[in-house]
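To keep things clear, I will list the structure first and then write my remarks on it.
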Amino acid sequence: MNIFQAQKLGLKKIKFSKGKSLFLVIPICLMVGLIVLASSEAQNLIKVAHSSIFSPIEGQNEILELTKVNNMGPRDTEETGFSDTDVDTITDIENVEKSSLVTELPIEEIRSNDTFDGKTISVGSLYGLDEEYAKIYTNESFDYSEDSPIPIILNANDFYEIHENWQGQTSIEISMTRGADETELENAISQSPINVRALSYDRDELIGKVITIQFGGFSELSDYTQDRTSSGFVYTVKTQEELNSEIEARKDAISLYWDYDKISMPLTYEFIIVGISEGEDKTKTFVPLEFAQKLIQDYLSYEITARNGSEIPESEMNSTYIGLVYDGVTLESDTTGIMFAGMRKEMGSQVEEQFSEINEQIEEQNRQISEANEQNKQIVEEFSNERRAGGPPPQMPGMISIGSVESLNAGNINVSFPTSTDTFNIPGLVYAKDSSTNELTGEYTSFDFTQELPLISNSILVKINDVSNREQVVSDLNTNGFSFQDYSKYKQFEKLEKYLKIAIDVASIIFMVITALFILINMAKFVSEGRKEIGIFRAIGASKGDIRLLFILQSLSYALISILLGALLGISAVWAISNLIVNSAQNLINSTIGETIVLSSNISQADFLNLNYQMILIYAGTLLLVTLIVSLIPSGQATKVSPVEAIRN
Amino acid sequence: MSQKRIIVENLAKNYKNGRANLVALDNVSFSLNEGEDMAIIGPSGSGKTTLLNLIGGLDRPTKGKVIINNQDITRLKDKELSKFRNQTIGFVFQFFNLQEYLKAYENVMIPMLFAGIKPSKAKEKAEKLIESVGLADRENYYPRQLSGGEMQRIAIARSLANDPKILLADEPTANLDKESAQNVLEIFDRITKDSGVSVIVITHDPNICKKFKNIIHIRDGKISKK
Ligand SMILES: Nc1ncnc2c1ncn2[C@@H]1O[C@H](COP(=O)(O)OP(=O)(O)OP(=O)(O)O)[C@@H](O)[C@H]1O
Ligand SMILES: [Mg+2]
């Protein structure tokens, strides 16, 4: 007897006693169905989460953005920017494919109103990027040409909106001690009337969209204040009067030296979105290098033509009007100046007055500076924590523009931080800085706009040859003195993904073992119930091999039918409940990661209709193999049945 | 002179029941020619079934020989013995022993499938055999749709599937009414005469016994009368 005939016989037997067969088939069928459902949906969930959190262009995980953060200390303490030597050092690191300096445009207030309907997004940091790197983010052309929309790679982390909910109150107090722990922070954030909400977006819809972006002008004044109290924060809504008077004050102050209407009017350009930079660790928006130069030139020359002719007195320079500084070498944002302008001045006069105690005083200054630094760090940390968990975003350069005056009483020096109401960031304003004394020497208006402007490169893009080497490259960067913290959730997510896969595998194995036991027990039952049949078959000429074959194929027939029905069941279950899953998955993702991470796409039911064919095949194959192995024992038993005893009436 | 088909020599079978040693068959010798039939009669527990099983190669004797077609089957290995049962012997049982999940013709096909005959050929032959036992219109019936006599005729068709030389039947008519029993016996008779098959039938019924050329009486494991 050959396999096919034995198989046919097995199937006939199953078909004949359908009721009995169902008892066998149903449990295996259910288990197979469950596995099909679980493994398919787990895979779908991973995929959905993956494409929601990370870029569908996996290549972006091969990019590290190394950015030198503006140091918050006095501007003369440390150099900003990277050099070619840094690039060489990084390029020498193993598995680094290439690395390049990139240049941030020192432009404040970059906004788009039409990227998302009815919502304004701010572009955090804008960089010029060459064609070669652009390929990592986009397949489209990254060429700049004057008469068509300029290609731009937006950053998904800029896609958020600030949501205010005052619950009918005008002031909300939140208790939070400095150095609050996680739960305290969470609690504070949940009470905060100010929330940041990530805007979800459909990558495919955004790409190819033509948008306008405004550069410069003045930011809208915040319509609330946030102050530190002894026990935490207090948020207060500004009255319309307060707000109006702030706006008036700003207008009056700026009108002294500028044509207010002109300087408050931003420059507008038309762009076409060609790519989205995605990932927790990504902060940069990119435009073509050529356009970057043009933009900064437009931006600066615009400011020059917006002056009304009056000269800014030195006393107001840098303490009231903040802009850029040019030290003869590089042109950069004066963010350090904002923070310490006032402080430097006060300390300076103190030093002069107490010349005799100069050494002691210098020490004191240093201590205060480091203390101030410490405090800044803490503020930055708190804000970035809040941003992460839904608090207001850090308004670079001005977390100070939130408005509270932090008084620092250290020794006999009283230092006040400037606030947004008395400090004005003027688009394109450039001060000349004496590089030897670090003093601002006056306005600088004499750039040659036919020349490339000397922008500082504060970032390096590092391309890793393969994402699997990311950890090693990050670690090597740090040993080479580039302190880089990998904020990408990529690694964690990989872990999560791995655990989910392991969980499914473990479940499958458990199911497999149960199924195997089930088959074993049932096979043993077949044999004991089939003794008579075995005896008759032996009497009419079946060899032991025939009997073994019959029994194994009978089990395999059961397994095959169960698996087929189970797969069918699983597939219908996937169809039946994908609707349910999509809703709960959307809720899950929104309520967890969705609050802090910009999601690149909405989840649809179709995402949960995919079947994990690989797993289904592996499971089915393994199950059949297990059935085969397991059925060897009882079928061996069957061959030992003595025909004489079996047929004795 | 017709050839000796079955030679049984000093055949003995003991069963060990704990310490007790039960002699089921004690030094039985006889022979049977091809194309001859034989009835075995005797009281219950006398060893009739034991003898038949030994002849059919279902069991191994404690002592003695069973020579069939000049070959001592008691020396055959399990695999050869299976083939011997499949090719040379046809069994007919008291309770028919058809597979309830198989149709009549499929039941008849089984021994041919064990013999490695192609299913299409086996089906053809099964149909012929069923026709020869007069049940052509029942070939697609399941056993439970058949009467006892019909089932037994299907079982006989099955026993003839591989053109056996010997047909062994253990009380084939015990569960049948008179008419059916008669029918079965007629078929046996025809087989013996037409195909030269040697038929051995166990029976309790002296009337049936009379119809056989050879009769052996068994009592306490011994042949009491030939
Ligand atoms: N496997 C066995 N183990 C022990 N004793 C057995 C076994 N098989 C048969 N016997 C004994 O051998 C003796 C002969 O049994 P057998 O079945 O040959 O009788 P039988 O003549 O066919 O009787 P019946 O007419 O009732 O069928 C009986 O006493 C029986 O109990
Ligand atoms: Mg008997």
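The numbers here are math on the coordinates, done by the rules we state, and not lab data. Note that the structure is predicted; figures quoted are calculated from it, not measured. Note that we place each Cβ from the backbone using ideal geometry, even for glycine, and neighbour counts take in every protein chain shown.
Quick look at the numbers
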quantity	calculated
Most mobile of B:154, B:89, B:110 in a GNM of chain B (Cα contacts under 10 Å)	B:110
For B:46-52, mean number of other protein chain Cβ atoms within 10 Å	1
Other-chain or far-sequence residues with amide H under 5 Å of residue B:23's (modelled H)	B:15
Candidates B:74, B:62, B:173, ranked by Gaussian network fluctuation over chain B, Cα under 10 Å, top entry	B:62
Sites residue A:525 and residue A:479 - FRET efficiency at Förster radius 45 Å, r taken between beta-carbons, to 0.05	0.10
Most fluctuating residue given options B:178, B:63, B:79, as computed from a GNM of chain B linking Cα atoms under 10 Å	B:79
On Cα atoms only, tilt of B:119-132 relative to the major axis of chain B in degrees	80 degrees
Rounded FRET efficiency, nearest 0.05, which uses the C-beta distance separating residue A:268 from residue A:191 and R0 of 41 Å	0.60
Pairs of alpha carbons in the range A:256-331 whose separation is greater than 19 Å (percent)	56 percent
Relative intensity, log₁₀ I(q)/I(0), of chain B from a Debye sum that treats every alpha carbon as a point, q = 0.09, 0.15 Å⁻¹	-0.36, -0.99
Net +/- balance of residues flanking residue B:215 in space, Cβ distance below 14 Å, scoring K and R +1, D and E -1	+4
Label-point separation, residue A:494 to residue A:468 (7 Å along Cα→Cβ), nm	0.9 nm
The range B:93-226: relative contact order as a whole-number percent, Cα under 8 Å and 6+ apart	25 percent
Packing-based ranking, highest mean first, of A:150-162, A:455-467 given that Cβ atoms within 10 Å are counted	A:150-162, A:455-467
Relative packing of B:156-165, A:469-478, A:111-120, which averages over residues the other C-beta atoms within 10 Å, highest first	B:156-165, A:469-478, A:111-120
Using alpha-carbon coordinates, inclination of helix B:178-195 to the longest axis of chain B, degrees	80 degrees
Shielding score for A:8-21, defined as the mean number of other chain Cβ atoms within 10 Å	2
